[in-house]
Amino acid sequence: NRQWRLTERPTGEPTADNFELTDDPIPEPGPKEVLVRTEYLSVDPYMRGRMRDSQSYADPWPVGEPMRARAVGTVVESNHAAFEPGDTVLGNLYWAEYAVVDGTDLETVDTGTAPVSTALHVLGMPGRTAYVGTVDIGEVEPGDTVVVSAAAGAVGSVAGQIARIAGCRVVGITGRDEKADWLTDDLGFDAAINYRTTDDLSAAVADACSRGVDLYFENVGGEVTDAVMDHLVDHSRVAVCGKIALYNAENGDDRLRGPRRLHQRTRTRVEGFIVSDHADRFDHINARLRRWVEEDRLQYRETVTDGIENASDAFLGLFDGTNIGKQLVRIDAD
Ligand code: NDP
């Protein structure tokens, strides 16, 4: 059972040296436990927080131990009444080929209408995050102008499309022309800005948002966010979903100053949120997302890295923008 362990906590940018791949015996399930063979593993930006030794909404990963991840897999052996071999399940597994988990922590995946991997993005946690941020926190209204950062990622690409469905003008900010083209040509975004190649980002946002910005779906922080803040209108909202540009910053880093350009005159409401706090909404949200996917109103894309041995590279790639849509690792264990 090849699995990844955290070997040390990084300072600044994480590197391949922070992880090690070990080969251990396949674990045996105990009472009420289930042995699952991983098919798709999700690597996510919040995992950078789990590499730190500080308390957050997700516990720090212990050094030396296998690291956990949301994953979809197939039941190999079950001592839990709700599951039998061959079932496709979703759960908090490990960066590993096989995992033993308590059956009560597993969910059955609907294999009917969409590929099972979508349970890790558009029909899973990132999709729900996108919905909570735009609808519940962002309170989008038809006619609003919505700006989304990390717009071609798992959360951002869904958030922008939900805002489009709600009747908004949607502008995406991303770091590659190929991603910008995907947003405008395939997902129906009204405009897209490449923050890496645009000299004056604030002017580009002004250009794309002639009536200002009603909702900023914040995934990034730093200079991208400063540029959007310049254009918030009266009673605008900022849904603070994440700040990936700051995740590798250490205390005292200049990037952590801010928000530098938030003015009281616009009466902007800035609200951070954590998707797991909104579990009472999940049945409703899941039904909405699934319907939109079935109706072809919600598109998705995956960047799939093959092989457990490449999982750490897939994770590190999130910080370079390697992924378009959801970054997954596909595992084909014997
Ligand atoms: P993504 O699929 O969006 O992948 C991360 C993307 O972020 C990269 O592809 C890259 O795209 C962009 N990025 C990386 N570094 C930078 C940088 N320095 N400056 C600007 N952009 C950068 O990941 P997710 O969709 O999983 O997550 C998106 C955000 O949502 C994250 O901030 C994450 O922490 C947050 N999140 C929050 C949740 C909550 O409950 N609040 C739940 C889930 C996610 P590009 O090429 O465009 O730069």
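A short reminder: the numbers here are calculations on the coordinates, not readings from a lab. In this text the structure is predicted, and so the values were computed from the model without any measurement. Every residue, glycine among them, receives a Cβ derived from its backbone with ideal geometry; neighbour counts consider all protein chains shown.
Here are the numbers:
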| read-out | value |
| --- | --- |
| Value at 222 nm in deg cm²/dmol, rounded to 500, when DSSP H runs of n ≥ 4 in the chain each add -39,500 (n - 2.57) | -5000 deg cm²/dmol |
| Reachable lysines, given that their alpha-carbon falls under 22 Å from the alpha-carbon of K179 and they are not under 8 places away in the same chain | K243, K326 |
| Cut-off 18 Å (backbone N to label point 7 Å along Cα→Cβ of D253), residues of region 41-56 | 44-56 |
| Loop trypsin sites (Lys or Arg not before Pro), region 1-107, which have at most 15 other Cβ atoms in a 10 Å radius of their Cβ (DSSP) | K32, R52 |
| Qualifying GluC sites (Glu not before Pro) in region 225-334, DSSP loop, other Cβ atoms within 10 Å at most 12 | E250, E295 |
| Distance between region 278-332 and region 117-141 - C-alpha centres, whole angstrom | 12 |
| Angle in degrees between helix 282-294 and the longest Cα principal axis of the chain, rounded to the nearest 10 | 80 |
| Estimated FRET transfer efficiency (E28, N286; beta-carbon r; R0 41 Å; 0.05) | 0.80 |
| Additional length obtainable on full extension of the chain from Q264 to T113, 0.36 nm per residue less Cα span | 49.7 nm |
| Order of S56, S42 - criterion: other Cβ atoms within 10 Å of each residue's Cβ, fewest first | S56, S42 |
| Selection from V89, P29, V158, by position along the positive dipole direction of the chain (Cβ) | V158 |
| DSSP-defined antiparallel bridges as percent of all bridges, the chain, nearest 5 | 55 |
| Scaled radius of gyration (Cα, divided by 2.2 N^0.38 Å) that region 165-246 gives | 1.03 |
| Rough spin-label spacing in nm, given labels placed 7 Å along Cα→Cβ, for I274 and L246 | 1.6 |
| Three-way shape call for region 209-334 based on the alpha-carbon gyration tensor, with the a/c threshold at 1.5 | oblate |
| Debye, to nearest 20: dipole size of the chain, +1 on Lys, Arg Cβ, -1 on Asp, Glu Cβ | 1160 |
| Extension reserve of the S202-V63 stretch, reckoned as 0.36 nm per residue once the Cα distance is removed | 45.9 nm |
| Cβ-based charge dipole, the chain, positive-most Cα from L120, T266, L316 | T266 |
| Angle in degrees between helix 154-165 and the longest Cα principal axis of the chain, rounded to the nearest 10 | 50 |
